[in-house]
Amino acid sequence: MFSAGSSYIAVVAIDFGTTYNGFAFAFNQRKGEGGIHVNKAWGYDQGAATLKTPTSLLLRPNEKFDSFGFEAEEKYANFLHGEDREYLYFKHFKMTLHNTKKLYRNTKLRARNGKSINALLVFAQSIRYLKYQAIEIIRERTGDKQYCEKDIQWVITVPAIWKPAAKEFMREAACEAGIVSKDAPDQLLVALEPEAASIYCREMKMREFKSEKGDANISDVFARPGSKYLVIDIGGGTLDVTAHEILANGNIKEIHKVTGGPYGGRKVNDQFVSFLEGFFRIATVEAFRAENPADWLDLMNEFELKKRGRRAHEGDTTRIRLPRSFTVLISEHGGPDLAGRFARSCRTDDVQFVRNEYLCLGPSAMKKLFEPVLNGIVKHLTQLLKDAAVKELQFFFLVGGFAESIILQETIKKNFDQRCRVLVPKNASIAVMQGAVMFGQKPNIVESRIMSTTYGFGINHRFNPEVHPVEKKQVIEGVDWCKDCFVAMVKENDKVRVEETRKFLDYQPLQASQTSVSFKFYNSTNPNAKYIRPMMPWVLPLVRSPSSHQTSQEEPTERSTSASRLVEQRSKPQP
């Protein structure tokens, strides 16, 4: 039964990841079909059948949609020489929202050919494609060709550690994609990725976790009321960590603000590329990538698969087949004795080049590629666990695409298993996607959160020369005011309940002719901020309150605003 509303026939959750993305959906059970469905047809035409498709978008020279996912990668890789200079190809572009300090509606993204276009367009085109795919699948399942986006409760996932502006940017992109209109904003729910994974993992059986056995529900073994745990979500781009406590009614509350960083699986791929450049020279690798994009794609896809394997962990060699075009190019640059030169460069049996075809990485060489990102993850978690708020944790849920790496799993267990049980779902890469569907069915399952930033609004105070800086002085109708004062409504590390409201005094207009008072809400990384800084982000649309026409001598009245709306962190990208 959907708590989101009986008017929707289904919930569709789009998991928009850095490396891969996809969607899952569930029908309203009153229609006769329960359970969560995941599209399994991605990559079928390319000889694959996966649960997700790459985050790759190809636009035509006129910026119109061409293809997405596996199809976009294959088409771009097989372009004739010169075609790739006209088409706009984007890959792994989600991290732009995390890395960009200041997001605007006209923020640009650079395509592979060097041309920059509106980032909102790139995200909207991608989401629109996933929307159409989801609707087509549901039409097939229901036999109803009239089925459309208005029949769906949509959910889109975002990292919990993202800045408020980045989260709202995704909402804006979804609106541009036609998933939701500004007249019906509640049709789209924004789910925090680790929260979604938490919801899903708590519904699993023990045997559905790696190295665990039995048909007992996790809720009967570990996830009981009062239990505290971490959700460690590691995808292609980011590490996202939330700390939860299970309440008596089965809902959850956050017990520590979300934390994380840029410690995703893509870091390992970057190390592999650096490794190739170190042995075969940067110019050689760049030439191969430019002249043979299809073979480069095959090489990186093979490494992506091999980095999740068990061979390095079990002490075996990882064999990576190098494309023929790569070995030919290397021979041209390095001479006929390629294997010998390679062996002399390595000076170790842990890296070998076999039969001019296979790059063989021994266990230590393979693990070395993981070291930078693993060190960052372990350091972050070690520091987090020193906080008193999380001292009573019982277990970890380790989820996300990168969580399927055996090397990562064993590193987490080695460093933290003595303190907490580490539970890894067998389908860790789709835990967020399926959990997001459950979130759409029960969006109030998270009862309270810990604020990760400070929110407040701007006002003018009566100017006090002993308190206020002179540059803030402003004279209005003969009265001295201090402008740009910041009043915090909720501060970093505050606990805020869903649907909570907080009251504040009804501030009066500065001029007698005013009929309303306007407020701008801001967020700040400084919980003790006193003034609005020029670059301080502002959040929420401008709020106007009718003036009570009181004079400054009259007692002000109280007004309230929804703190829970601030918790959603629906900030507004700057125009």
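The values are calculated or read from the model by the stated rules, or taken from the named source; none is laboratory data. In this text, all values refer to a predicted model and were calculated from it rather than measured experimentally. Neighbour counts run over all protein chains shown; Cβ positions are idealised from the backbone, glycine included.
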* **Residue that is at negative phi, in contact with a Leu (Cβ under 7 Å, 6 or more places away or on another chain) and of a type outside the set (A, V, I, L, M, F, W, C), where the choices are 116, 56** => 116
* Structure fact -> In region 150-186, residues that are polar (S, T, N, Q), buried (at least 22 other Cβ atoms within 10 Å of the Cβ) and out of contact with any Phe, Trp or Tyr (no Cβ under 6 Å at 6 or more places or on another chain) total 1
* Being under 20 Å from residue 170 (Cβ atoms) and polar (S, T, N, Q) is the filter here, so list the residues in region 199-243 that pass it. => 238, 242
* To do: Check whether at least one residue in region 21-33 is of a type in the set (A, V, I, L, M, F, W, C), within 23 Å of the chain's Cα centre (by Cα), at pLDDT 75 or above and assigned to a loop (DSSP other than H, G, I, E, B), and report yes or no.
  => no
* To do: Determine whether residue 263 is of a type in the set (Phe, Trp, Tyr), closer than 19 Å to residue 428 by Cα, assigned to a loop (DSSP other than H, G, I, E, B) and in contact with a strand residue (DSSP E or B) (Cβ under 9 Å, 6 or more places away or on another chain).
  => yes
* Structure fact -> Per the filter on region 369-412, residues in contact with a Leu (Cβ under 9 Å, 6 or more places away or on another chain), more than 18 Å from residue 236 (Cβ to Cβ) and not in a strand (DSSP E or B) are 381, 384, 385, 390, 391, 393
* Structure fact -> A careful count of residues in region 514-527 that are under 10 Å from residue 492 (Cβ atoms) and either free of Cβ contacts under 8 Å to residues at least 40 places away in the same chain or in a strand (DSSP E or B) (or both) gives 2
* Going through region 137-174 one residue at a time, which ones are within 19 Å of residue 109 (Cα to Cα) and in a helix (DSSP H, G or I)? -> 165, 166, 167, 168, 169, 170, 171, 172, 173, 174
* Number of positions in region 497-513 that are in contact with a Ser or Thr (Cβ under 6 Å, 6 or more places away or on another chain) and not in a loop (DSSP other than H, G, I, E, B) -> 3
* Asked: Out of all the residues in region 266-292, which are touching a strand residue (DSSP E or B) at 6+ places or on another chain (Cβ under 9 Å) and either touching a residue at least 12 places away in the same chain (Cβ under 8 Å) or among the basic types (Lys, Arg) (or both)?
  -> 272, 275, 279
* Could you list, in sequence order, the residues of region 441-466 that are more than 19 Å from the chain's Cα centre (by Cα) and small (Gly, Ala, Ser)? -> 448, 456, 458
* Of the conditions (1) touching a residue at least 12 places away in the same chain (Cβ under 8 Å); (2) within 26 Å of residue 447 (Cα to Cα); (3) surrounded by fewer than 21 Cβ atoms within 10 Å (Cβ to Cβ), residue 210 clears all except one; give me its number. => (2)
